[in-house]
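The values are calculated or read from the model by the stated rules, or taken from the named source; none is laboratory data. From a predicted model like this one, the values you see are computed outputs, not experimental measurements. Reconstructed Cβ throughout: ideal geometry from the backbone, glycine too, with neighbour counts over all protein chains shown.
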Amino acid sequence: MSYLVYVAGFGALTAYYFWFRDVRILFRTGLPGYRKAAYHGVAYAALALVAVDVAVIFDEIVGLGLILLALWLQGREERERVFSPGDTALDRFLGKAPPKER
């Protein structure tokens, strides 16, 4: 087992992070683009987890390719703009979107 397995594990954690961030923004705003991204994020996170298994059992390079595929697909989802230019990088990183109007 080489260091590439750890890189694959970090990639899977990144896919899960993006999924949880989309879910948090969905709960705060209720926007349909984030709803779709959150639903598709389940599949992309599962693909990333399968990719880690492939990297451990079969081949590291194939596993990393699947991780990159999952992250690329996750980044292509259409989402609404919820952050303003004045928001800090930490707010964007944590997904602190303004709450929806009631």
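Conditions (1) at pLDDT 95 or above; (2) under 12 Å from the mean Cα position of the chain (by Cα), marked per residue:
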{"residue": "Asp53", "(1), (2)": "yes, no"}
{"residue": "Phe58", "(1), (2)": "no, no"}
{"residue": "Val62", "(1), (2)": "yes, no"}
{"residue": "Trp72", "(1), (2)": "yes, yes"}
{"residue": "Glu78", "(1), (2)": "no, no"}
{"residue": "Arg81", "(1), (2)": "no, no"}
{"residue": "Lys96", "(1), (2)": "no, no"}
{"residue": "Glu101", "(1), (2)": "no, no"}
Of all residues in the stretch 49-99, which are closer than 24 Å to Tyr3 by Cβ and touching a Ser or Thr at 6+ places or on another chain (Cβ under 8 Å)? Glu60, Leu71
Pairing a residue in the stretch 80-95 that is at negative phi and of a type in the set (A, V, I, L, M) with any residue that is in a loop (DSSP other than H, G, I, E, B) and surrounded by 13 or more Cβ atoms within 10 Å (Cβ to Cβ), where Cβ atoms lie under 6 Å and the two sit 6 or more apart in sequence or on different chains, gives Val82/Ala97
In this structure, does Tyr16 turn out to be touching a Leu at 6+ places or on another chain (Cβ under 6 Å) and in contact (Cβ under 8 Å) with a residue 24 or more places away in the chain? no
For the stretch 50-82, what are the residues that are surrounded by 17 or more Cβ atoms within 10 Å (Cβ to Cβ) and either touching a strand residue (DSSP E or B) at 6+ places or on another chain (Cβ under 8 Å) or in a helix (DSSP H, G or I) (or both)? Ala51, Val52, Val54, Ala55, Glu60, Gly63, Leu64, Leu66, Ile67, Ala70, Leu71, Gln74
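Scanning for something among the small types (Gly, Ala, Ser) and either loosely packed, with under 14 Cβ neighbours inside 10 Å or in contact with a Ser or Thr (Cβ under 8 Å, 6 or more places away or on another chain) (or both), does the stretch 36-43 turn up at least one residue? I'd like the intermediate steps shown before the answer.
Pass one, the stretch 36-43, residues among the small types (Gly, Ala, Ser): 37-38, 41, 43.
Subsequent filtering for residues that are either loosely packed, with under 14 Cβ neighbours inside 10 Å or in contact with a Ser or Thr (Cβ under 8 Å, 6 or more places away or on another chain) (or both) retains 43.
The answer is yes; a qualifying residue exists.
Please go through the stretch 5-38 and give me each residue that is farther than 19 Å from Ile61 by Cβ and either within 11 Å of the chain's Cα centre (by Cα) or among the acidic types (Asp, Glu) (or both), ordered by number. Full working, then the answer.
First pass over the stretch 5-38, keeping only residues farther than 19 Å from Ile61 by Cβ: 13, 16-38.
Correct list: Leu13, Tyr16, Tyr17, Phe18, Trp19, Phe20, Arg21, Asp22, Val23, Ala37, Ala38.
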